[in-house]
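Down below is the structure, laid out as structure tokens.
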Amino acid sequence: MKKYITKSLLALSICAGLYSCDVQEYSDLNNPEVDAFEDNLTRGDLQDLVGGVLYSSRVGLGTYFDDCGVIGREYYRFSSSDPRFTSDLLGGENAVLDNNTFYITTPWAARYRTVKNANLILGFIEAQDLSAIFAAEELSATTGFLKTMIAHELLLNLNLVDEGGIRVDVADETNLGPFVSKSEALTFIRATLVDAAADLSAGGEEFPFLLSSGFDSFSVPTDFASVSNALAARVAAYQGDFPGVLSLLDDSFLTLDNNNLDLGVYHNFTQNQTDILNPMFFAVNSSTAGARIAQPSFITDAEADDARLSKVVLRSAVDENGNPIANPLTLDGLTGEYDVFRYTSNVDDIPIIRKEELLLLYAEANITVNPAEAIVALDLIRQSAGLDPYSGTTDPTELTDEMLTQRRYSLFAEGHRWIDVRRYNRLDELPIDRANDDVFSQFPVPLTENQ
């Protein structure tokens, strides 16, 4: 049976505007055959193929973040054309999550598409003697980069289905491995990231392909290894392995200061006709046709003068005399006065992981290891937000409350809040906006999966 590269891997990515390249002749340009690459992989091919991985890794991201953000009660997603954002995701009345609806099938398929694309490239590399074309360091760098992308994509799907588990053995599309438990999946993902870091550390000083601008700060393979370790630290936190978190952070890009908290790697977007716009951007004062409205408690629970409240903007209008007035938006029994404005344009970057999260991971891991160090990190976060130092005790419960609060505001609308309260068994602390709403702990595995 012939295997094909998915359209998002090549046909879209070649002309996505991220790179300049020459389009080669294939028997089917929309679904180029693997045979076109598995016996004759060139530098130009590798550039195109990695571009395809970067392209598909951004598909469905808006849906993923809305899944996490809405269920996690960070914001409401208003869409007058699709009531499922305010019914299904919030458990309105008797609504339940559907296993065959866009909010799970779209991000799920997109993440596995990226995994498939990366696995195909790894297969091309393994099947050929490329020593005449690529240096050993270049192949090691490529392998490490692709493993990192695979692990990250698998983690996003696991975040959605949680205890439902995922497939991790998917390299052979004709013989997919079984679903594994959440615990097994986290172990696999972490091990993949550690392996990736080792490959990258042996990858020399240059990737054999160009990366998008979101990776500029880590464009050297040996530097990118610190990103793989950072992601592995996130996974270790999900596993509750706090000594492991600290060990991995030692080899990440964390520095114990609050300089450049946005240092990290990002999905980037452009207005190029064949590229993707930031799916998390809506203009201020958008209508119910499409808007993200901050859940009111994000504002009312905040400390006074928290600079991170700039991530939301008060909706406003003018009265008949030209004076500004509040302009709340209401849909399906939900009302809010503030627009989510985490991203201020349709070409803003979306973080994959950044230093601010690493500081918070360091604080979290030290709560039971070295509480004084946890407070040091939390105070760096508080200082960056314009807040006074932490004034509480070193009691683990109190420190955990503080850590989760700082994660709530520092990582707002970045896909963390729901996962954080779930892993600390605090879903019941999320606000219920309507009498019969529910807070779901996970999405069902898509119907298309035959477990």
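The values are calculated or read from the model by the stated rules, or taken from the named source; none is laboratory data. In this text, all values refer to a predicted model and were calculated from it rather than measured experimentally. Neighbour counts are summed over all protein chains in view; Cβ atoms, including those assigned to glycine, are modelled from backbone coordinates with ideal geometry. Side chains are part of the model used for accessible areas, which takes the heavy atoms of the whole protein and leaves out ligands, DNA and RNA. Shrake-Rupley method; radii C 1.70, N 1.55, O 1.52, S 1.80 Å.
The table below gives the values:
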item: Segment residue 223-residue 345, length gained on full extension (0.36 nm per residue, minus Cα span); result: 41.0 nm
item: Length gained when the stretch residue 39-residue 441 is fully extended (0.36 nm per residue, less Cα-Cα span); result: 140.1 nm
item: Inter-centroid distance (Cα atoms) of segment 134-191 relative to segment 285-321, Å; result: 38 Å
item: Förster radius 22 Å - calculated FRET efficiency between residue 132 and residue 206 (Cβ-Cβ, nearest 0.05); result: 0.75
item: In Å², nearest 10: area of residue 390 left accessible to a 1.4 Å probe; result: 30 Å²
item: Nearest-10 value in Å² for the accessible area of residue 420, using the 1.4 Å probe; result: 0 Å²
item: For segment 34-54 versus segment 254-270, the gap between their alpha-carbon centres in whole angstrom; result: 30 Å
item: R0 of 22 Å, Cβ-Cβ distance residue 373-residue 393: FRET efficiency to nearest 0.05; result: 0.90
item: Residues of the chain: accessible area per residue with a 1.4 Å probe, Å²; result: 40 Å²
item: Length-normalised contact order for the chain - Cα pairs under 8 Å, 6+ apart - percent; result: 19 percent
item: Solvent-accessible ranking of 96, 312, largest area first, probe 1.4 Å; result: 96, 312
